[in-house]
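Colleague: So that we are looking at the same thing, I have put the structure below in structure tokens.
The values are calculated or read from the model by the stated rules, or taken from the named source; none is laboratory data. What you see is a predicted model, and the numbers here were worked out from it, not measured in a lab. Positions of Cβ are generated from backbone atoms using ideal geometry, with glycine treated the same way; all protein chains shown enter the neighbour counts. Each accessible area value is taken on the protein alone, full model and side chains, heavy atoms only, with ligands, DNA and RNA left out. Shrake-Rupley method; radii C 1.70, N 1.55, O 1.52, S 1.80 Å.
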Amino acid sequence: LNMLTLSDIALFALAAFAVSHWWQARGFKSQALNLAWQRCRLLQVQLLDQSVVLKKIRLQRGESGSLQWRRTYEFEFSSTGTDRYKGTLVLAGVRLLSVEMEPHLVPDDGDSFVN
């Protein structure tokens, strides 16, 4: 019989951690995309490319004092169909901390901007 060495076990644990992290990251990205879509729908603008991009990730202490991941995602949206604006949303764990969107033209009044 072949015996597992300590390095085999460490490699297996590392691979399991990587797969688990990747799987969780997919879930957070899906949640971020849903939140961006909801915000765009609320403001009656179009979410472009149907995507969000992870721009920053870091550990921070949550309200309970435990460590959690703080993820910053960027997305693009349009108010007229021909322009592109940037938006940013921040998640702490599964909780939405903030959504910021660049000032943009209001579709009904081409001269007005929304902050």
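Colleague: Before rounding to the nearest 500, sum -39500 (n - 2.57) across all DSSP H runs of length at least 4 in the chain and divide by the residue total; then give [θ] at 222 nm in deg cm²/dmol.
Modeller: Helix contribution divided over all residues of the chain: -12000 deg cm²/dmol.
Colleague: Most fluctuating residue of S64, S98, S51 in a GNM of the chain with Cα springs under 10 Å: which is it?
Modeller: In this elastic network of the chain, the residue with the biggest mean-square fluctuation among S64, S98, S51 is S64.
Colleague: Once you keep just the Cα pairs under 8 angstrom separated by 6 or more residues, what percentage relative contact order results for the chain?
Modeller: About 16 percent, as a whole number.
Colleague: Over region 27-92, calculate the relative contact order: mean separation of alpha carbon pairs under 8 Å at least 6 apart, over the residue count, as a percent.
Modeller: Result for region 27-92 is 30 percent.
Colleague: For the chain, set up a GNM with springs between Cα atoms under 10 Å and report which of F75, F17, F28 has the largest fluctuation.
Modeller: F17
Colleague: Taking a 1.4 Å probe, which of L43, L105 shows the most accessible area, and what order do the others take after it?
Modeller: The ordering from most to least exposed comes out as L43, L105.
Colleague: Here's another thing I want to ask about it. Here are a few candidate values for P(r) over Cα pairs in 5 Å bins from 0, in percent: (i) 2, 13, 26, 28, 21, 9, 1, 0; (ii) 2, 10, 16, 18, 18, 18, 13, 4, 0; (iii) 2, 11, 17, 16, 13, 11, 9, 6, 5, 3, 2, 2, 1, 0, 0, 0. Which one was actually calculated from the structure I just gave you?
Modeller: (iii)
Colleague: Using a 10 angstrom cutoff on alpha carbons, build the Gaussian network for the chain and name the most mobile of A36, A15, A92.
Modeller: Top of the fluctuation ranking is A15.
Colleague: Related question: Could you work out the local net charge near K56, counting Lys and Arg as +1, Asp and Glu as -1, over the other residues with Cβ closer than 12 Å to its Cβ?
Modeller: +3
Colleague: Out of the total accessible area of the chain (probe 1.4 Å, heavy atoms of protein only), what percent is carbon and sulfur?
Modeller: Taking all protein chains in place, the chain shows 57 percent carbon and sulfur surface.
Colleague: Another one. Are there any GluC sites (Glu not before Pro) in region 1-88 that are in a DSSP loop and have at most 13 other Cβ atoms within 10 Å? List them by number.
Modeller: E63
Colleague: Quick one: putting +1 on the C-beta of Lys and Arg, -1 on the C-beta of Asp and Glu, what dipole do you get for region 23-83 around its Cα centre, in Debye to the nearest 20?
Modeller: With only Lys, Arg, Asp and Glu charged at Cβ, the dipole is about 360 debye.
Colleague: While we're on this one: Can you give the charge dipole size of the chain about its Cα centre, rounded to the nearest 20 debye, using +1 on the beta carbon of Lys and Arg and -1 on the beta carbon of Asp and Glu?
Modeller: 560 debye
Colleague: Projected onto the charge dipole of the chain (+1 at Lys/Arg Cβ, -1 at Asp/Glu Cβ, origin at the Cα centre), which of C40, G27, G81 gives the Cα projection farthest towards the positive end?
Modeller: Looking along the dipole axis, the top candidate is G27.
Colleague: Now for a different question. Please list 3J(HN,Hα) in residue order for region 29-36, calculated via the Karplus relation 6.51 cos²θ - 1.76 cosθ + 1.60 where θ = phi - 60°; whole Hz, with x for glycine and proline.
Modeller: Values, residue by residue: 5, 4, 5, 4, 4, 4, 5, 5 Hz.
Colleague: Also, quick follow-up: Taking a probe of 1.4 Å, how large is the accessible area per residue of the chain, in Å²?
Modeller: Averaged over the residues of the chain, the accessible area is 72 Å².
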